[in-house]
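Working notes, structure below.
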């Protein structure tokens, strides 16, 4: 639908490219197959540009700009791999990895960290510097919130709020390094407005929010992502037609997600679609 | 709104009354017109969201803390999700989240100016005397420290200057406020921005008019909005908040917007450590701010003005609110401003302890009832400002300049100062000088002149360094006393006038500790939104603590450089961009001991 | 306009899309006896008396007509019967409508003006409209509003019935209706039957069959002696379930094919364990928006459970016909050969495109995002859309001194139907069997939250636990039907049914509530 958009011409890493008006620099980079790291960006969420790992250098701009949210402009000259860009990206990863457990972050995160030669240990002895180390919150049978893995990318807040679920059970509380994702007065999740749609878990990039099944299986040492098969089907719990991705390990469903590019769900589900699968294995 | 799940805590009658007074003008978000008809929805909730911060203030003022029951009541009335309201309430340092044992909290400034005049000892003494004490970042009274803010339950807050245990004890039980502003330059005929400060009765509209007040407004009505902006552009006035953007260009951009409504916002969230000039104007000449904003509204076609005053300035906020009330009563604000048939009104909003809210887009979010987290720019406020609508945002000093420009013409103004830095500038002079205070000088004055005008250094002191521009500025050495204070000369020297801070340190001051305190300030005041600033300010402070304990600068040099780079290059806003500036300059000047 | 639908709970992901519209500035009205989770998002909630939907729609229509808000051009070009309709609704003044529905006149007027004045508008409903003895008339009353205003057949304007299950639409598409063959083709049409008979190699009875309610009647009368139930639990889900259980008991032979030992299966002579249609079988389902999508097996069925296709083919074999063991794709291709609206949806296209909305007559056809666009052709193509003169008829189960409270039922977010599937996971938000009462009614009955009560209707009595919903209007009670083991709610519900559709009036029972003394 809609009118075809006119094209904007800009230069990225020395190459002249044309992209539709309204594209972001990140969109343009992806079209040009220039690999760009992201943490807080997701295709099904509004860019909040808080992680700053996607920054690029734009000629005429005093500071680096977040490619995920900056629209392209005619004549823009963009560098994605300058020394300044590499330093800032490396530092963002070093700052995060020095304060947060990154071990369960997506594989691409680790690939980028290797690529930029990240050495978080130079921030100081982990026992002596500020970190977000804390025990996981296990408050019900469906969710685990393991906030020592939280990089504060705001994705969960967006998925719980304006970008999908509109439940607003969680928000950022506190300030500065003490800022954290919280329910009101940190009440337990079952006492909050949470309706267990699992959309926060669906968008978490670092394993801070996990399904209880995964958390328990990891604790037991039985979680084996490599052996899991993913089958796409349609949820049975109402007539809306949400696509489900069933993650199956040893003929058991262990996790349910939805494709972010599915026009019905945009990757988001409700409690029934997300968790109502136990009857398939009883 | 829906799905909201409220807690089970009950508000006290006092809390209910305080919150209900805040929303009395518009009513609650959801109204049961009838058992079978409820009017509500996201639109009504959105319209009321900007009352969240005033409602939180009402709770804090009435009960001394944001109780769960009180917060719940606010959420029900405004239909704000409790998790979001909690997120907002915990963003600001002046809101307390545990039930207070006593009726007052004493916030003692232990920031860079006050800690050199005994603030740390005062904290100990107050604690020994049984007070509930909290350390505070700069309270904007650097010329008369140590500064204290007394936050009282059920009574207005008070500032206490040159505070002592006895003085604070007396203040808590009284209605007295801080001593009136004293201008070192009082009586000097050359004052323009400060001419009325200490001369007029700040509470009297008549007195203001008797001293030339509202002459600029009359001139503006006579020449019309377009000409006002032309004169402003001709004057060469640029913003005094630090970025020095041409004010005429900004106003023109707003006036040319198709979108309505438009807003005028006065950024009175003066929180840069070492800065107190705007407080001088707000306390000494509040009608000037009101008049200048009215002219701004007239010029850009805005119907609503907002003054956002930092929460640590209770006297300024009260004075401005009183001035706006008096102007409204006299027909100078409201639905028909001065018989023009045009509407313009001003609302005064109080901050609640967050330096970041001086960043203009964070300020917008704060007014709107969200966490004071800066927005990414572009888009800029002229097109997407307060409530996403076209907004002219200026700080107090910038606005007050408008009066003489409109009254006397842009050309006359441009004749002052230098060609590229026309006009006069306020300086906040503090530290080891004889007569600290707010000074007005023409642009082009040298740093040495400014120090000399303040009586020079106290006996036995030699300049070791001057902090220029505030915590977000830079240290300069004694060799720079001939530096002309203009936009162009400072820029060329890689410096910034910032908020006009000139804080003088001598050979006995502990500069390593000062630099560490600056780093601590940024760590405390980072909003936490973006990674470079949230973690970078922490790591920077950790390095400085290690250096203070005798760590090797050589080992930390690369890390400090990288931290500076990522904060400067990749942070969202000016806080992160400048958080390493003073540290960097201290390194360059060799002020961090044992440094090559 | 959300009318008789709690989509926030029953269709949560659809509601995300609705909220995007609201966030972008759309106004929202919710018409429902209860101020539901959905209604809380609305700019205005209109709490009408249960079963007065036609009165309200007629009143809204009259207000639109009297305010000159009729889309005259559309009405003249694309509809018929306007004059009769206008005369029919003329008595429904705002005051009269307010009197019958309980909704203040100002709100009815606001709804009429808002709906008619909008550049685009959608009218959405669910079982709050259809689970009444006036089900079809209720739908027609809403259609009248769309015809008056031209809010149909255009991008972003239309009528949206929300389906409660993932393949309600698909069941209809496949001909699981008493009078239709696959593709909504009339069973009475000789040419249609001939085409099917050619493909199927069997004779198709030329007369419409029974709908579900008629089947139960027939069980009682002895005209229906044997039933094969596939994936349905009528012994829990039927209105006036005691009656339904008695009827099932009259059968000579009951076969139940299901994934669980449901209450109906427990009554069966033969139980055929089946693979789950959802995660253990391949096939297609059709969503509310007519989107045909692939379902795929992800896990192997447990124990002796078998694919439904295989069970049915086995049965055919026992009856002497060899169907082989067709795959889902082979069955789909057969459907495409007989149902023109599915003709263009090849298995490969369904794989590649994710889903296609019917009608899709050929492989070049992109599918159809919305229906009735023909009504905007000038002149209109095909039959004009008729206005329907429908009358307000109150619920059959009347309120009396003996049964003074109106009980209505509905879904909650974390549960589904009789709980066969949804009861298996540990939901932290599960509510259980509560009977929700208004604060006033609870007060006058001397009840507080947690009290046990005996709830009786003209058909049965069950014990429940009291919950108070401060937003419920006086005289209205609410419960879910997800937990038949703990609260057999359908013992209470009314099986008065709609003559056109056979749907029972689940939404309007008359009840009495009495405290159960502790230890009693």
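The values are calculated or read from the model by the stated rules, or taken from the named source; none is laboratory data. As the structure is a computational prediction, the values presented were derived from the model and not from experiment. Here Cβ is always computed from backbone atoms with ideal geometry, including for glycine, and neighbour counts include all displayed protein chains.
What's the number of the condition residue A:243 fails, among (1) surrounded by fewer than 23 Cβ atoms within 10 Å (Cβ to Cβ); (2) farther than 17 Å from residue A:141 by Cβ?
With respect to (1) surrounded by fewer than 23 Cβ atoms within 10 Å (Cβ to Cβ); (2) farther than 17 Å from residue A:141 by Cβ, residue A:243 is out only on (1).
Please pick out the residue among B:55, B:113, B:101, B:63 that is away from every other protein chain (no Cβ under 12 Å), more than 29 Å from residue B:517 (Cα to Cα) and surrounded by 24 or more Cβ atoms within 10 Å (Cβ to Cβ).
Among B:55, B:113, B:101, B:63, only B:55 is away from every other protein chain (no Cβ under 12 Å), more than 29 Å from residue B:517 (Cα to Cα) and surrounded by 24 or more Cβ atoms within 10 Å (Cβ to Cβ).
Filter region B:227-242 down to residues that are in contact (Cβ under 8 Å) with a residue 12 or more places away in the chain, surrounded by fewer than 19 Cβ atoms within 10 Å (Cβ to Cβ) and out of contact with any helix residue (DSSP H, G or I) (no Cβ under 6 Å at 6 or more places or on another chain), then give me how many there are.
Of the residues in region B:227-242, 1 are in contact (Cβ under 8 Å) with a residue 12 or more places away in the chain, surrounded by fewer than 19 Cβ atoms within 10 Å (Cβ to Cβ) and out of contact with any helix residue (DSSP H, G or I) (no Cβ under 6 Å at 6 or more places or on another chain).
Taking the criterion of being within 14 Å of chain A (Cβ to nearest Cβ) and in a helix (DSSP H, G or I), would at least one residue in region C:192-202 satisfy it?
no
Starting from residues that are surrounded by fewer than 19 Cβ atoms within 10 Å (Cβ to Cβ) and more than 9 Å from chain B (Cβ to nearest Cβ), keep the ones in region A:140-176 and report whichever is nearest to residue B:87 (Cα to Cα).
A:162
Taking helices (runs of 4 or more DSSP H) that do not extend beyond region C:1-90, which have at least 2 residues that are within 14 Å of chain A (Cβ to nearest Cβ) and surrounded by fewer than 19 Cβ atoms within 10 Å (Cβ to Cβ)?
C:12-23
State yes or no: is residue C:345 surrounded by 15 or more Cβ atoms within 10 Å (Cβ to Cβ) and either at pLDDT 95 or above or assigned to a strand (DSSP E or B) (or both)?
It is true that residue C:345 is surrounded by 15 or more Cβ atoms within 10 Å (Cβ to Cβ) and either at pLDDT 95 or above or assigned to a strand (DSSP E or B) (or both).
Looking at region A:230-250, is at least one residue in a loop (DSSP other than H, G, I, E, B), at pLDDT 95 or above, more than 10 Å from chain C (Cβ to nearest Cβ) and in contact with a strand residue (DSSP E or B) (Cβ under 9 Å, 6 or more places away or on another chain)?
no
Could you tell me which of the residues A:98, A:82 is free of Cβ contacts under 8 Å to residues at least 40 places away in the same chain and touching a strand residue (DSSP E or B) at 6+ places or on another chain (Cβ under 6 Å)?
The match here is A:82.
Would you mind finding the one in C:446, C:419, C:460, C:450 that is within 17 Å of residue C:486 (Cα to Cα), touching a residue at least 60 places away in the same chain (Cβ under 8 Å) and away from chain A (no Cβ under 14 Å)?
C:460
Would you pick out the residues in region B:1-33 that are without any contact (Cβ under 8 Å) to a residue 40 or more places away in the chain and more than 14 Å from chain C (Cβ to nearest Cβ)?
Across region B:1-33, the qualifying residues are B:13, B:21, B:22, B:24, B:25, B:26, B:27.
Counting only residues that are in a loop (DSSP other than H, G, I, E, B) and either touching a strand residue (DSSP E or B) at 6+ places or on another chain (Cβ under 8 Å) or at the interface with chain B (Cβ under 9 Å from one of its Cβ atoms) (or both), how many does region A:44-59 have?
Residues in region A:44-59 being in a loop (DSSP other than H, G, I, E, B) and either touching a strand residue (DSSP E or B) at 6+ places or on another chain (Cβ under 8 Å) or at the interface with chain B (Cβ under 9 Å from one of its Cβ atoms) (or both): 9 in total.
Working carefully through the options B:158, B:205, B:183, B:221, find the one that is in contact with a strand residue (DSSP E or B) (Cβ under 9 Å, 6 or more places away or on another chain), closer than 30 Å to residue B:404 by Cα, in contact (Cβ under 8 Å) with a residue 24 or more places away in the chain and crowded, with 16+ Cβ neighbours inside 10 Å.
Result of the check over B:158, B:205, B:183, B:221: B:183.
Tally up the residues in region A:183-192 that are without any contact (Cβ under 8 Å) to a residue 24 or more places away in the chain and either assigned to a loop (DSSP other than H, G, I, E, B) or more than 7 Å from chain B (Cβ to nearest Cβ) (or both), please.
The total comes to 5.
Can you tell me how many residues in region C:97-125 are touching a helix residue (DSSP H, G or I) at 6+ places or on another chain (Cβ under 6 Å) and either under 30 Å from residue C:213 (Cα atoms) or at pLDDT below 95 (or both)?
3
Every residue, every condition in (1) in a loop (DSSP other than H, G, I, E, B); (2) closer than 22 Å to residue A:45 by Cβ, yes or no:
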site	(1), (2)
A:113	no, no
A:126	yes, no
A:130	yes, no
A:141	yes, no
A:153	yes, yes
A:157	no, yes
A:168	yes, yes
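Quick one: residue C:183 ticks every box in (1) in a loop (DSSP other than H, G, I, E, B); (2) within 14 Å of chain A (Cβ to nearest Cβ); (3) crowded, with 19+ Cβ neighbours inside 10 Å bar one, so which box is it?
(2)
Give me the strands (runs of 3 or more DSSP E) completely within region B:455-551, filtered to those with at least 3 residues that are farther than 30 Å from residue A:54 by Cα and more than 14 Å from chain A (Cβ to nearest Cβ), ordered by residue number.
Correct list: B:463-468, B:501-506.
How do the strands (runs of 3 or more DSSP E) wholly within region C:239-295 filter down when requiring 2 or more residues that are more than 9 Å from chain A (Cβ to nearest Cβ): which remain?
C:253-258, C:270-273
Taking residue C:464 as meeting all but one of (1) part of a loop (DSSP other than H, G, I, E, B); (2) within 21 Å of residue C:241 (Cα to Cα), write down the number of the exception.
The number of the failed condition is (1).
Go through the residues of region C:304-318 one by one and say whether even a single one is surrounded by fewer than 16 Cβ atoms within 10 Å (Cβ to Cβ) and within 14 Å of another protein chain (Cβ to nearest Cβ).
There is no residue in region C:304-318 that is surrounded by fewer than 16 Cβ atoms within 10 Å (Cβ to Cβ) and within 14 Å of another protein chain (Cβ to nearest Cβ).
Using beta carbons and a limit of 8 Å, which pairs, at least six apart or on different chains, have the first residue in region A:116-129 and on the phi > 0 side of the Ramachandran plot and the second one part of a helix (DSSP H, G or I) and surrounded by 11 or more Cβ atoms within 10 Å (Cβ to Cβ)?
That search, which allows pairs on different chains as well, returns A:117/A:90; A:124/A:98; A:124/B:539; A:124/B:542; A:124/B:546.
Please go through region C:476-495 and pick out each residue that is crowded, with 18+ Cβ neighbours inside 10 Å, in contact with a strand residue (DSSP E or B) (Cβ under 9 Å, 6 or more places away or on another chain) and part of a loop (DSSP other than H, G, I, E, B).
C:481, C:487, C:488, C:492, C:493, C:494, C:495
For the condition more than 24 Å from the chain's Cα centre (by Cα), touching a residue at least 24 places away in the same chain (Cβ under 8 Å) and under 30 Å from residue A:198 (Cα atoms), what is the one hit in C:96, C:35, C:27?
C:27
Out of all the residues in region B:555-569, is one or more over 18 Å from residue B:475 (Cα atoms), within 12 Å of chain A (Cβ to nearest Cβ) and not in a helix (DSSP H, G or I)?
For region B:555-569, residues over 18 Å from residue B:475 (Cα atoms), within 12 Å of chain A (Cβ to nearest Cβ) and not in a helix (DSSP H, G or I): absent.
Out of C:101, C:126, report the one residue that is within 14 Å of another protein chain (Cβ to nearest Cβ), over 24 Å from residue C:398 (Cβ atoms) and touching a residue at least 24 places away in the same chain (Cβ under 8 Å).
Exactly one of C:101, C:126 is within 14 Å of another protein chain (Cβ to nearest Cβ), over 24 Å from residue C:398 (Cβ atoms) and touching a residue at least 24 places away in the same chain (Cβ under 8 Å), namely C:126.
Sort out which residues of region B:273-316 are over 19 Å from the mean Cα position of the chain (by Cα) and without any contact (Cβ under 8 Å) to a residue 60 or more places away in the chain, and write them in order of number.
Once the filter is applied, which keeps residues that are over 19 Å from the mean Cα position of the chain (by Cα) and without any contact (Cβ under 8 Å) to a residue 60 or more places away in the chain, region B:273-316 yields B:297, B:303, B:304.
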